1. Among 51, 97, 82, pick out the residue whose Cα is farthest towards the positive end of the charge dipole of segment 22-135, where Lys and Arg carry +1 and Asp and Glu carry -1 on C-beta, about the Cα centre.
2. Compute a Gaussian network model of the chain, connecting alpha carbons closer than 10 Å, and tell me which residue from 53, 122, 13 fluctuates the most.
3. What number, rounded to the nearest 500 deg cm²/dmol, is the helix-based mean residue ellipticity at 222 nm of the chain, given -39500 (n - 2.57) per DSSP H run of at least four residues and division by all its residues?
4. Once the principal axes of the Cα atoms of the chain are found, what is the range along each, listed largest first in whole angstroms?
5. For the chain, build the charge dipole from Cβ charges (+1 Lys, Arg; -1 Asp, Glu) around the Cα centre, then report which of 63, 38, 22 sits farthest towards its positive end.
6. Where in the chain is the longest stretch that carries no trypsin sites (Lys or Arg not before Pro) classed as loop by DSSP and with at most 14 other Cβ atoms within 10 Å?
7. Using Cα positions and a limit of under 23 Å, work out the lysines in reach of residue 62, with same-chain residues fewer than 8 apart set aside.
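Rule-based calculations on the coordinates, nothing more; no lab input. Bear in mind that the values here come from a model prediction, so they are computed numbers and not experimental data. Methodologically, a virtual Cβ is constructed for each residue, glycine included, from the backbone with ideal geometry; neighbour enumeration extends over all protein chains shown.
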Amino acid sequence: MFSMSWRGWWIRGATFCAMEVSSHGLVQHRVAALKFAASVFTNLSRDHLDYHGDMEHYEAAKWLLYSEHHCGQAIINADDEVGRRWLAKLPDAVAVSMEEHINPNCHGRWLKAIDVNYHDSGATIRFSSSWGRWRN
């Protein structure tokens, strides 16, 4: 189904596609043939313990994206405990944080939201990073 949708998007001119890859999909090898340009890890919560049994197995399932797939540029939430552990194992990852005290083991590459303002038409965010500052 996804490949049929992607083909239609590609015919209409799309050059990128964003998708959520579930831990189920990783364990069941549903995305084994895909090469990702980038991959984002946001957090690990207690969502899928009915399938994985415990947090250790759930984390191992999510880690498959980085250990067994072409995941492209890894972008990891440094505010999450699991994310901080993974940053230590992924030397080329970019650490992302909303916290004041970002100091992950990220080998110098980081992105931090320093001012977030929500309004009716969306949000305005100022960023600071290891390569400069900007605003969306």
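1. Of the options given, the answer is 97.
2. 13
3. -8000 deg cm²/dmol
4. Rounded to whole Å, the extents work out to 41, 39, 30 Å.
5. The listed residue farthest towards the positive side: 38.
6. On the way: sites that count: 12, 30, 46.
It runs 47-136.
7. Hits, sequence-local ones excluded: 35, 89.
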